[in-house]
1. Name the pairs: first residue in segment 107-120 and at pLDDT below 85, second residue part of a helix (DSSP H, G or I) and surrounded by 11 or more Cβ atoms within 10 Å (Cβ to Cβ), Cβ to Cβ under 7 Å, at least 6 apart or on different chains?
2. Looking at the structure I just gave you, is residue 5 assigned to a helix (DSSP H, G or I), modelled with pLDDT under 95, surrounded by fewer than 10 Cβ atoms within 10 Å (Cβ to Cβ) and not small (Gly, Ala, Ser)?
3. Return yes or no: is residue 72 free of Cβ contacts under 8 Å to residues at least 12 places away in the same chain, within 30 Å of residue 157 (Cα to Cα) and among the acidic types (Asp, Glu)?
Amino acid sequence: MSIGLLADGLLIVLLGAALVSVYRLNRRMAELREGRAAFEKLTADLAAQTKAATEGLAAFRANAEGLGKQLDGGAERGRQVIAEVQRVSDDLRLLIGRADASSTRLEEAVAAARRSEALLGAMENRPVDRGASDPGQPARVAEAEVSPEAKAFLSSLSGMR
């Protein structure tokens, strides 16, 4: 009987050890189930966040395309305005050049007319102002002979240059 008793004792010890192992295994499986639930929740949250990011990215892309089109339209309008300003600038340069040439010709004509008037006045024996009685100075037409309107016109013409 001692072998049977020994075998029974050994079997009890082994069954006790198996019971402890099964208890630990059950506890770890419960932890795994809890971890699995948390993992599934995290996976679901990740899927929702990924979906939201994808939708946000699509909205961002659509907004960026719309803004890009607006920017292209604004840039094109800016190019058109710059081209128009360049044309107007070229026209203004041409007009300024022509006005400058015309004013030069007008000044020359006025100066020639003054010289001619002075010569005609001297030839017609009109009263002439000799200045400071310097014989080397050319004769000038007396100031009283030129009307105030003509003086104003001539002074404005000389001031243009």
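1. Between residues of segment 107-120 that are at pLDDT below 85 and residues that are part of a helix (DSSP H, G or I) and surrounded by 11 or more Cβ atoms within 10 Å (Cβ to Cβ), there is no close pair.
2. yes
3. Numbers: free of Cβ contacts under 8 Å to residues at least 12 places away in the same chain: yes; within 30 Å of residue 157 (Cα to Cα): no; among the acidic types (Asp, Glu): yes.
Answer is no for this residue.
The values are calculated or read from the model by the stated rules, or taken from the named source; none is laboratory data. If you're wondering where the values come from, they're calculated on a predicted model, not measured in any experiment. Every residue, glycine as well, gets a Cβ built from its backbone with ideal geometry; the counts of neighbours run over all protein chains shown.
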